[in-house]
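Student: This is the structure I have questions about; it appears just below.
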Amino acid sequence: MNEIDLYNSIRSEIVVNHVLMHLTTLVVVIALLAGVWLSEKRESIISVLLPLLSLSWAAATVRFDFFIHRQAAYLRAFETSLHQNGVAVPLW
């Protein structure tokens, strides 16, 4: 695999994780609003599950953030290697 292809694949993976983090947040917000509306309309077990959904969202956000930072650390080290080898590309 070419060094530039590897660099671009790491960058695209960071972008995908960032988009997934925001998409997950949007889905959870919609689910929380629907759950609150449903629990106000009638009595159900959903009111017990809403705090668990909030906690699982927070854990997923921390995990996505960890993945993004880990990949960025790999990318930073790889950028240094590319500069030392004389590859001149617009970097991250």
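Student: Yes or no: VAL62 more than 21 Å from the chain's Cα centre (by Cα) and either over 20 Å from HIS18 (Cα atoms) or in a helix (DSSP H, G or I) (or both)?
Tutor: Details: more than 21 Å from the chain's Cα centre (by Cα): no; either over 20 Å from HIS18 (Cα atoms) or in a helix (DSSP H, G or I) (or both): yes.
In short, no.
Student: While we're on this one: Among LEU38, LEU52, LEU32, LEU75, which is open to solvent by 70 Å² or more (accessible area, probe 1.4 Å) and not β-branched (Val, Ile, Thr)?
Tutor: LEU52
Student: Given the criteria without any contact (Cβ under 8 Å) to a residue 60 or more places away in the chain and surrounded by 11 or more Cβ atoms within 10 Å (Cβ to Cβ), does ARG70 qualify? Reasoning before the result, please.
Tutor: Numbers: without any contact (Cβ under 8 Å) to a residue 60 or more places away in the chain: yes; surrounded by 11 or more Cβ atoms within 10 Å (Cβ to Cβ): yes.
The answer is yes for ARG70.
Student: Which residues, counting only those in region 14-47, are more than 30 Å from ILE68 (Cβ to Cβ) and either of a type in the set (S, T, N, Q) or touching a residue at least 24 places away in the same chain (Cβ under 8 Å) (or both)?
Tutor: Going residue by residue through region 14-47, those that are more than 30 Å from ILE68 (Cβ to Cβ) are 37-47.
Hits for region 14-47 are SER39, SER44, SER47.
Student: Can you name every residue in region 55-67 that is touching a helix residue (DSSP H, G or I) at 6+ places or on another chain (Cβ under 6 Å) and open to solvent by 70 Å² or more (accessible area, probe 1.4 Å)?
Tutor: TRP57
The values are calculated or read from the model by the stated rules, or taken from the named source; none is laboratory data. Bear in mind that the values here come from a model prediction, so they are computed numbers and not experimental data. Here the Cβ is made from the backbone with ideal geometry for all residues, glycine too, and neighbour counts use every protein chain on show. For accessibility, only protein heavy atoms count, side chains too; no ligands or nucleic acids. Shrake-Rupley method; radii C 1.70, N 1.55, O 1.52, S 1.80 Å.
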